[in-house]
Amino acid sequence: MIGGLRWYGVGEKMFRRLVAVVLVGEAFVFFFVALVAWAVRRDTPGEPAVAYLVIGCVLAVVAFLTSGLLRRPWGVTVGWVLQFFVLAASFVELTMLVIGAIFLALWITALVQGDKMDALTAQFHDTNGSTA
């Protein structure tokens, strides 16, 4: 963990759930922004409209698959890379800057709160002598 944020490694149950929800939400955003970029630019000569659609759909699939790969140590790292791509999409569609900032805030919140929830759950089970 660097700066209190997880950059690599496998989190516990609630960590993975919260982070996966953010990634699935981003998958939908990538898909719909790809559709918007394609529709806006398809009649403009010299614009690679189909490339926007293909790249957006590929990023949507990667975000969706990454939500299932959070049990791997590099799953969180791929999630960070996707956060970069959400912000980089603002070069194609300017409104993605706001959406990217919102998803970055959600991502960081999920990382921090997921670890806190897992720590509190472990503390509760240790205090009460329960086994999970």
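The values are calculated or read from the model by the stated rules, or taken from the named source; none is laboratory data. Treat the numbers as computed from the prediction; the structure is a model and nothing was measured. Reconstructed Cβ throughout: ideal geometry from the backbone, glycine too, with neighbour counts over all protein chains shown.
Go through the range 103-125 and count every residue that is of a type in the set (A, V, I, L, M, F, W, C) and loosely packed, with under 13 Cβ neighbours inside 10 Å.
Just the residues of the range 103-125 that are of a type in the set (A, V, I, L, M, F, W, C), to begin with: 103-108, 110-112, 117, 119-120, 122, 124.
Now drop any that are not loosely packed, with under 13 Cβ neighbours inside 10 Å, which leaves 105, 120, 122, 124.
So the count comes out to 4.
Quick one: is A89 touching a Lys or Arg at 6+ places or on another chain (Cβ under 8 Å), modelled with pLDDT under 90 and among the aliphatic types (A, V, I, L, M)?
On the way: touching a Lys or Arg at 6+ places or on another chain (Cβ under 8 Å): no; modelled with pLDDT under 90: yes; among the aliphatic types (A, V, I, L, M): yes.
Criteria not met by A89.
Out of all the residues in the range 62-75, is one or more among the polar types (S, T, N, Q) and either touching a Leu at 6+ places or on another chain (Cβ under 7 Å) or within 16 Å of G114 (Cα to Cα) (or both)?
There is at least one residue in the range 62-75 that is among the polar types (S, T, N, Q) and either touching a Leu at 6+ places or on another chain (Cβ under 7 Å) or within 16 Å of G114 (Cα to Cα) (or both).
Would you check if G114 is within 19 Å of the chain's Cα centre (by Cα), assigned to a helix (DSSP H, G or I) and closer than 12 Å to V19 by Cα?
Numbers: within 19 Å of the chain's Cα centre (by Cα): yes; assigned to a helix (DSSP H, G or I): yes; closer than 12 Å to V19 by Cα: yes.
Yes: the conditions hold for G114.
Just to check your reading of the model, which residue among G46, G4 is under 30 Å from D118 (Cβ atoms) and either surrounded by fewer than 14 Cβ atoms within 10 Å (Cβ to Cβ) or at pLDDT below 90 (or both)?
Working: G46 fails: under 30 Å from D118 (Cβ atoms).
Only one candidate passes the filter, namely G4.
Within the range 25-83, which residues are outside any helix (DSSP H, G or I), among the basic types (K, R) and free of Cβ contacts under 8 Å to residues at least 24 places away in the same chain?
Keep residues of the range 25-83 that are outside any helix (DSSP H, G or I), which gives 42-48, 69-74.
In the following step, the residues that additionally are among the basic types (K, R) were identified as 42, 71-72.
R42 - this is the single residue of the range 25-83 that is outside any helix (DSSP H, G or I), among the basic types (K, R) and free of Cβ contacts under 8 Å to residues at least 24 places away in the same chain.
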